[in-house]
Amino acid sequence: MRKQYHFRPSSNGLQAWDVHRLIALTAGLPVEQISVDDLAELDEPYWYDNEGDTPSGRSIAMHVQLVNEADITYPIILCPQGRLMDGMHRAVKALVLGRKTIPAYRLPELPPPDFVGVAPDQLPYDD
């Protein structure tokens, strides 16, 4: 899996969580079936809100390709409040396919971010 981060704004600057670490934190957690309609991020700006990217045709095509390749049998990851931390391409694919639910892990606690105040293009992506 390519290196990726989950971003959230904060008063201390942009927070970034390493998705590989989030996946490791799901070990042993039960899988829930979450209603696709309950994923608020499907109705909010997501890929273009913090990463400095613009929704060009090429960028949208890249996301379409990732949606097409997404395996919706692999659970998405939610924070304790039910906000998406990993799996937007899988969530979009479930929506497109008309699925009512999607498998999810819900973290019992919000882990501290891996980075705070670091711009997305300054994070390490080679790991």
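The values are calculated or read from the model by the stated rules, or taken from the named source; none is laboratory data. Predicted, not measured: the structure shown is a model, and the values here were computed from it. Positions of Cβ are generated from backbone atoms using ideal geometry, with glycine treated the same way; all protein chains shown enter the neighbour counts. For accessibility, only protein heavy atoms count, side chains too; no ligands or nucleic acids. Shrake-Rupley method; radii C 1.70, N 1.55, O 1.52, S 1.80 Å.
With +1 on the Cβ of every Lys and Arg and -1 on the Cβ of every Asp and Glu, and nothing else charged, how large is the dipole of the chain about its Cα centre, in debye rounded to the nearest 20?
280
Let me have the relative contact order for the chain, percent, based on Cα pairs under 8 Å that are six or more residues apart.
Values: 183 pairs, mean separation 47.4, N = 127.
Answer for the chain is 37 percent.
Using only the alpha-carbon atoms of the chain, report the extent along each of the three principal axes, biggest first, to the nearest angstrom.
Taking max minus min along each principal axis of the Cα atoms, the chain gives 38, 36, 27 Å.
Please calculate how many Å² of accessible area the chain carries per residue, with a 1.4 Å probe and no DNA, RNA or ligand atoms counted.
Numbers: 7400 Å² over 127 residues.
Dividing the accessible area of the chain by its residue count gives 58 Å².
Pick out, from His89, Gln33, Pro120, the residue whose Cα sits farthest towards the positive end of the charge dipole of the chain, with +1 on the Cβ of Lys and Arg and -1 on the Cβ of Asp and Glu.
Gln33
In whole Å and largest first, what semi-axes does the C-alpha gyration tensor of region 56-116 yield when each eigenvalue is scaled by 5 and square-rooted?
On the way: eigenvalues 107, 56, 14 Å².
The equivalent ellipsoid of region 56-116 has semi-axes of 23, 17, 8 Å.
May I ask for the distance between the Cα centers of region 1-37 and region 59-127, given as a whole number of Å?
Region 1-37 and region 59-127 have Cα centres separated by 7 Å.
For the ranges 26-37, 74-85, what's the packing order if you count other beta-carbon atoms within 10 Å of each residue, average per peptide, and put the highest first? Spell out each step's value before the answer.
On the way: 26-37: 12.7, 74-85: 17.6.
Descending packing order for the listed peptides: 74-85, 26-37.
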